[in-house]
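The values are calculated or read from the model by the stated rules, or taken from the named source; none is laboratory data. These numbers come from a predicted model, not from an experiment. Positions of Cβ are backbone-derived with ideal geometry, glycine not excepted, and every protein chain shown enters the neighbour counts.
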């Protein structure tokens, strides 16, 4: 079925047909493209529209002297004041390593869907800087998103109509969502007991994440000023991340990525007691660090060592956050409350990323709808 404004229809012969409008000698003319599937026609239509607009521009408009490098520099300057420092560093790295060498000298008026598609395919297979393969699906998606954002600015500021087709491009490879691992109840119990026996700095931070759902960077940046012992709450106001800046690795302290990330989380009596005992021996600025944030890599290494000591298979540190969320829901917690505790902008993100019912939970749910329980099925 055609979507509004697409002009794509399924024909009686089973094929799909897409139509687009062009002009020749001042007269309107509709051109059709055909394919066996809706997706194939949509892609053909996108390229055909792009070619038609480029042809019209080349025949009727003077060349635009703006290059992609000019555009990217202008775009980055505009974004600098509204994005996080870590995002700025990330974008700068992508521009220097991939975009400027390949597309920097290209005139914006000559940029086409085909040129970008060819560029992305090359990066997908040969994009690594060490020449040992291609870039990940996530990096490819980030690069395309950056291109679209810059092109959108060109469309706004320089009246380049051919740029519109680029904004509808899709990444050549989808990011497969992998179901995250969580710790089971026995693993949670073993891990907690091991830490309570010897609650050193890093180990206490691990137990804290398991019981609050904090991200790695958030727990490393937690300060005593963020803890309200009377109200039994903590306020997430900062996060820390190790990034490469000007060729050097630096620890970057910044505010959470979104407004939803700045949040207040209630704490249990046990967590409050653990913090009170810790503060008696450790009154420096950061709860789990010193007068500077705890190094995220140190906490990751400590977590790996602790799992090995507890005979638990190796997991990513983010497993603690997944485990907290899954247990919260499995034990009857409200999903909206969970979403706010995790710092998500909407409940859908929470459901899609962090709520993963166990086999035991699914089995119990199946028993609830069992209509054969009291019947003789022998």
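Applying the condition of being within 14 Å of residue 21 (Cα to Cα) and either modelled with pLDDT of 60 or more or not in a helix (DSSP H, G or I) (or both) to region 45-67 and asking which residue is farthest from the chain's Cα centre (by Cα) yields 52. Against the test of being in contact (Cβ under 8 Å) with a residue 12 or more places away in the chain, more than 26 Å from the chain's Cα centre (by Cα), assigned to a helix (DSSP H, G or I) and loosely packed, with under 13 Cβ neighbours inside 10 Å, the options 194, 114 yield a single qualifying residue, 114. Mind checking whether some residue in region 203-220 is within 12 Å of residue 288 (Cα to Cα) and assigned to a loop (DSSP other than H, G, I, E, B)? There is no residue in region 203-220 that is within 12 Å of residue 288 (Cα to Cα) and assigned to a loop (DSSP other than H, G, I, E, B).
For region 127-156, a tally of residues being over 19 Å from the mean Cα position of the chain (by Cα), touching a residue at least 12 places away in the same chain (Cβ under 8 Å) and part of a helix (DSSP H, G or I) returns 6.
Among the residues examined, residue 332 does not qualify as touching a residue at least 60 places away in the same chain (Cβ under 8 Å) and at positive phi. All told, residue 103 falls short of being surrounded by 14 or more Cβ atoms within 10 Å (Cβ to Cβ), in the same structural domain as residue 70 (by TED's automatic domain parsing) and under 21 Å from the mean Cα position of the chain (by Cα).
Among the residues of region 96-109, those that are in contact (Cβ under 8 Å) with a residue 12 or more places away in the chain and closer than 20 Å to residue 65 by Cα comprise 99, 100, 102, 103, 104, 105, 106, 107, 108, 109.
Can you spot a residue in region 317-328 that is surrounded by fewer than 17 Cβ atoms within 10 Å (Cβ to Cβ) and in the same structural domain as residue 225 (by TED's automatic domain parsing)? Checked against the condition, which is being surrounded by fewer than 17 Cβ atoms within 10 Å (Cβ to Cβ) and in the same structural domain as residue 225 (by TED's automatic domain parsing), region 317-328 yields at least one hit. Quick check on residue 124: is it part of a helix (DSSP H, G or I) and closer than 23 Å to residue 158 by Cα? Against the criterion (part of a helix (DSSP H, G or I) and closer than 23 Å to residue 158 by Cα), residue 124 does not qualify.
Picking from residues in region 355-370 that are without any contact (Cβ under 8 Å) to a residue 60 or more places away in the chain and in contact with a helix residue (DSSP H, G or I) (Cβ under 6 Å, 6 or more places away or on another chain), the one that is surrounded by the fewest Cβ atoms within 10 Å (Cβ to Cβ) is 361. Screening region 300-317 for residues that are touching a residue at least 60 places away in the same chain (Cβ under 8 Å) and in a helix (DSSP H, G or I) and picking the one that is nearest to residue 202 (Cα to Cα) gives 302. If you go through region 285-299 and keep only what is farther than 18 Å from residue 198 by Cα and touching a residue at least 12 places away in the same chain (Cβ under 8 Å), you end up with 285, 286, 292, 293, 294, 295, 296, 297. Scanning region 328-348 for residues that are over 23 Å from the mean Cα position of the chain (by Cα) and outside any loop (DSSP other than H, G, I, E, B) yields one hit, 330. Among 338, 299, 294, 306, which is the only one that is under 22 Å from residue 259 (Cα atoms) and either surrounded by 13 or more Cβ atoms within 10 Å (Cβ to Cβ) or touching a helix residue (DSSP H, G or I) at 6+ places or on another chain (Cβ under 9 Å) (or both)? Residue meeting the stated conditions: 338.
Given the options 262, 248, name the one that is at pLDDT below 90, out of contact with any helix residue (DSSP H, G or I) (no Cβ under 7 Å at 6 or more places or on another chain) and over 12 Å from residue 204 (Cβ atoms). Checking each option against the conditions leaves just 248.
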